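The values are calculated or read from the model by the stated rules, or taken from the named source; none is laboratory data. For clarity, every value in this text was computed on a predicted model and none was experimentally measured. When we count neighbours, we look across all protein chains shown, and the Cβ atoms used for this are built from the backbone with ideal geometry, even at glycine. Note: accessible area is taken over every heavy atom of the protein model, side chains too, but ligands, DNA and RNA are not part of it. Shrake-Rupley method; radii C 1.70, N 1.55, O 1.52, S 1.80 Å.
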Amino acid sequence: MKKLLALLVALVCVFAVAFTACEDIGNNSGNTNNGQNNNDQTDNEQPGDEQEGDGENNEEDGQEGDGENNEEDEYEKLPLFTVETYNSAYTAGTFSSADALGKVLIINFWYTTCGVCNDEMPHVEELNETYGDDIVVIAVHKDNGEQSVAQSHINSHGWSGYKTIFAKDYKDGNVDAIAQMCGVAGNDYPVTVVVDRQGYIIYTQMGNFMDWDSETFVTTNMLAPYIEIALAR
């Protein structure tokens, strides 16, 4: 009887140990699956990281495009024009601004009874001597009734030998057409406009562009810095 009781106790102990071992195996299997699930979540986050990088690239591209547009809008483009010219050593007939593309175009507005204009004209010609074939200089006469005497005025002042092209402005409605294109119609002359190689207006000088300093006795060409900018564009 004692042997039977001992045998039963032994069997109970064996079953208890086996049950505990199975429970531990089940718990370990659950932990392993949880680890796999965590790894899967990490992998799923990676595509989101890539999309965030694309967003940054798109933002940079947009900023570059805006910068280019602002640069183009900085200056106003001069419409192409054709004008009749006075006879000189260099021109007779017509002048087209399209022929000046690729060079810097200097447009000086003047008329015969403008004393400052007459005093300035030799300095207008000096621009040709300073910058040579990199520029084209045109002196546009106001359409004010003096054009009939402008040719004799040019001849009598010795300007007919200038490289400067002397041309006639013409009326567009009630205003001078070329002056209106340059944005200087209605202003007192002389006026000088600097146009770059692509046809953009870089600078407008109202009045004489040669500045005389009575204290230093130095004459300054105020167009020079803007011509250099136009040449570099």
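For region 158-213, with every protein chain kept in place, what is the accessible area per residue (1.4 Å probe, Å²)?
Result: 41 Å² of accessible area for each residue.
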| Roughly to the nearest percent, how much of the accessible area of region 123-233 is carbon and sulfur, given a 1.4 Å probe? | 48
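Give, rounded to the nearest 20 debye, the magnitude of the charge dipole that region 161-233 has about its Cα centre when Lys and Arg contribute +1 at Cβ and Asp and Glu contribute -1 at Cβ. Before the final figure, lay out the partial values.
Details: 5 positive and 9 negative charges, 80 e Å.
That gives region 161-233 a dipole magnitude of about 380 debye.
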| query | Given charges of +1 on the Cβ of Lys and Arg and -1 on the Cβ of Asp and Glu, with all other atoms neutral, how large is the dipole of region 72-134 about its Cα centre, in debye to the nearest 20? | reply | 300
